[in-house]
Amino acid sequence: MLAHMSAWIREGVGASATLAVVCLAASCGEGSPQGSSPTSAGAAGITAGTASNESGASGSNASSGAPAGGSSSSGASHVGGAGAGAGAGAGTSAGAAPSAGTGGSAGGGGSGAGSAGASNLAGAGGGAGAGNPAPGSTLSIYWIDVEGGASTVIAAPNGQTIVVDAGWSDRDANRIVKVLKDELQAKAVDYFITTHYHTDHIGGVPSLAALIPISKFYDHGDSLEPGPDFNNYVSTAGAKRTTGKPGDKLELGDLRLTFVSSATKVIDPALPPGAANPLCSSSSMKSMNGGIENSESLGFLATFGKFKFVDLGDLTWNVEQTLMCPNNRVGSADIFQVSHHGQDISNSPQLVHALAPTVAVMNNGGSKGGAAATFETLKASPGLKDVWSLHRVTANDAEHNAPDDLTANLAGGDQAYFIKAVVDANGSYTLTNGRNGTTKTYASR
């Protein structure tokens with residue numbers, strides 16, 4: 001059992017601090033971005049795609065330049081793409097820990113359970129463990145339009161920040177920094193989590209690091225699809241990299257992240273309750289994965305009191321079977337960030353229906369992701385109340401789209417409207433459409 005013990009990272013606690021999670025969607029998938037090839041000013045060596053990436057649609061990528069809007073329930077919120085200011089200042093947010101040591105390669109073995117050898121990820125000062133959130137503390141989540149890619153930013157209850165992926169290019173890095181500065185008043189990124197090394201997830205890393213300090217990087221180990229994007233990432237992260245393993249934990253005040261997948265391995269032992277998954281009797285495998293890096297995705301469960309949020313990056317169908325069969329190793333989710341931008345080589349019923357989310361948020365593009373089969377799986381999931389999406393899928397009918405009032409961007413690229421969720425300490429959470437101010441409130445289970 002000692003070999004399977006989870007690692008812990010404690011980063012201090014703020015009694016009445018806020019937690020914010022931001023997921024950017026202008027670059028969360030493989031292949032070409034939703035618009036034309038993004039500019040790379042200020043980011044040396046960023047490529048617009050690699051041979052291993054999946055194909056994407058083309059359109060306009062002109063940056064809007066509009067300021068980031070507020071998170072209130074009225075009025076549209078907008079994140080522009082044009083030139084965020086240069087550096088963010090040298091300071092780190094409260095309680096920031098020093099950089100972690102160099103992480104080792106994860107290796108590319110076949111999928112399977114096993115978190116043996118999980119190690120401590122960071123050495124920051126201790127604080128009270130994550131448990132019941134302090135009264136008045138909140139968690140905010142933004143899914144920002146990065147035109148079919150991915151970036152998720154988390155501001156923890158103690159004021160620290162996490163960014164998960166960084167979109168395609170400097171355009172998306174600028175959008176991320178606008179959220180960090182304008183919405184969260186952050187002066188640094190304490191943790192950058194790289195789910196995997198496709199362009200739509202790491203293309204913006206060099207620019208982001210040039211715009212705002214980043215203390216630590218977590219990833220699944222070395223890339224199985226090496227190329228310029230990975231080389232640029234390694235050059236940017238340097239000695240700040242750490243390999244995250246299934247079972248490792250990041251604990252930041254009232255926020256706890258548990259890695260459940262990494263380099264095709266999944267968490268073992270299962271998180272409680274670890275119940276048998278009855279859907280496994282009908283499980284099947286798929287031959288496509290859209291590039292082997294997708295299967296390597298570093299995925300996590302984030303908990304804030306009773307609230308649970310699952311982000312598995314672009315984890316693919318076959319590794320989902322290992323994660324969820326014969327037993328559900330993750331448990332349930334209040335919000336599920338739809339994997340792989342809604343593509344149907346991910347998001348199996350064995351995963352989605354076992355998680356049984358109340359809300360699903362899809363970081364798709366207008367012409368990327370959002371497969372009709374994925375919408376069918378989501379809508380059939382027990383307990384699901386709503387699907388929210390960053391873009392209307394132009395190729396789908398209304399039945400295979402989120403409702404217009406729950407869709408952030410209805411037509412065209414570079415509108416950059418986000419979706420935001422605010423989670424209270426009592427477990428209730430409210431989502432807001434940045435385009436039209438529509439809000440809906442839900443209760444954690």
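The values are calculated or read from the model by the stated rules, or taken from the named source; none is laboratory data. What you see is a predicted model, and the numbers here were worked out from it, not measured in a lab. Cβ atoms come from the backbone with ideal geometry, glycine included; neighbour counts cover every protein chain shown. Only protein heavy atoms, including side chains, enter the accessible area calculation; ligands, DNA and RNA are left aside. Shrake-Rupley method; radii C 1.70, N 1.55, O 1.52, S 1.80 Å.
Worth pointing out:
- Some residue of segment 397-420 being at pLDDT 95 or above and among the small types (Gly, Ala, Ser): yes
- Residue list for segment 394-439, restricted to those being of a type in the set (Val, Ile, Thr) and open to solvent by 10 Å² or more (accessible area, probe 1.4 Å): Thr394, Val422, Thr430, Thr432, Thr438, Thr439
- Selected residue (criterion: least open to solvent (accessible area, probe 1.4 Å)) from residues of segment 268-297 that are in a loop (DSSP other than H, G, I, E, B) and among the acidic types (Asp, Glu): Glu296
- Checking each residue in segment 237-262 for being open to solvent by 10 Å² or more (accessible area, probe 1.4 Å), in a helix (DSSP H, G or I) and touching a strand residue (DSSP E or B) at 6+ places or on another chain (Cβ under 8 Å) picks out only Lys240.
- Every condition in (1) open to solvent by 10 Å² or more (accessible area, probe 1.4 Å); (2) modelled with pLDDT of 95 or more; (3) closer than 29 Å to Leu184 by Cα; (4) touching a Lys or Arg at 6+ places or on another chain (Cβ under 8 Å) is met by Lys265 except one, and the failing one is (3).
- The number of residues in segment 180-215 that are β-branched (Val, Ile, Thr) and in a strand (DSSP E or B) comes to 3.
- Selected residue [touching a Lys or Arg at 6+ places or on another chain (Cβ under 7 Å) and among the polar types (S, T, N, Q)] from Thr394, Thr377, Thr358: Thr358
- Flag if Asp386 is open to solvent by 30 Å² or more (accessible area, probe 1.4 Å) and either free of Cβ contacts under 8 Å to residues at least 40 places away in the same chain or touching a Leu at 6+ places or on another chain (Cβ under 9 Å) (or both): no
- Single residue of Ser381, Ser287 found to be polar (S, T, N, Q) and without any contact (Cβ under 8 Å) to a residue 12 or more places away in the chain: Ser287
- Within segment 363-380, tally of residues that are charged (D, E, K, R), under 20 Å from the mean Cα position of the chain (by Cα) and under 17 Å from Leu351 (Cα atoms): 0
Okay, residues lined up against (1) in contact (Cβ under 8 Å) with a residue 24 or more places away in the chain; (2) closer than 23 Å to Tyr197 by Cα; (3) buried (at least 24 other Cβ atoms within 10 Å of the Cβ):
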| residue | (1), (2), (3) |
| --- | --- |
| Tyr142 | yes, yes, yes |
| Val146 | yes, yes, yes |
| Pro157 | yes, no, yes |
| Ile162 | yes, yes, yes |
| Gly167 | yes, yes, yes |
| Asn174 | yes, yes, yes |
| Val177 | yes, yes, yes |
| Glu183 | yes, no, no |
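- Test: residue in segment 364-375 that is within 17 Å of Ser283 (Cα to Cα) and either open to solvent by less than 10 Å² (accessible area, probe 1.4 Å) or in contact with a strand residue (DSSP E or B) (Cβ under 9 Å, 6 or more places away or on another chain) (or both): yes
- Scanning segment 243-268 for residues being more than 13 Å from Thr195 (Cα to Cα) and among the polar types (S, T, N, Q) gives a total of 1.
- Residues that are in a strand (DSSP E or B) and crowded, with 24+ Cβ neighbours inside 10 Å within segment 316-336 comprise Ile335, Phe336, listed in sequence order.
Residue-by-condition table, conditions (1) modelled with pLDDT of 95 or more; (2) over 15 Å from Asp170 (Cβ atoms); (3) aliphatic (A, V, I, L, M); (4) in contact with a helix residue (DSSP H, G or I) (Cβ under 9 Å, 6 or more places away or on another chain):
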| position | (1), (2), (3), (4) |
| --- | --- |
| Val205 | yes, no, yes, yes |
| Ser215 | yes, yes, no, yes |
| Asp219 | yes, yes, no, yes |
| Asp222 | yes, yes, no, yes |
| Pro226 | no, yes, no, no |
| Ala239 | yes, yes, yes, no |
| Thr242 | yes, yes, no, no |
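- Of the criteria (1) farther than 24 Å from Ala443 by Cβ; (2) open to solvent by less than 20 Å² (accessible area, probe 1.4 Å); (3) among the charged types (D, E, K, R), which one Asp344 fails: (2)
- Meets criteria (surrounded by 24 or more Cβ atoms within 10 Å (Cβ to Cβ), part of a loop (DSSP other than H, G, I, E, B) and in contact (Cβ under 8 Å) with a residue 12 or more places away in the chain) for Gly313: yes
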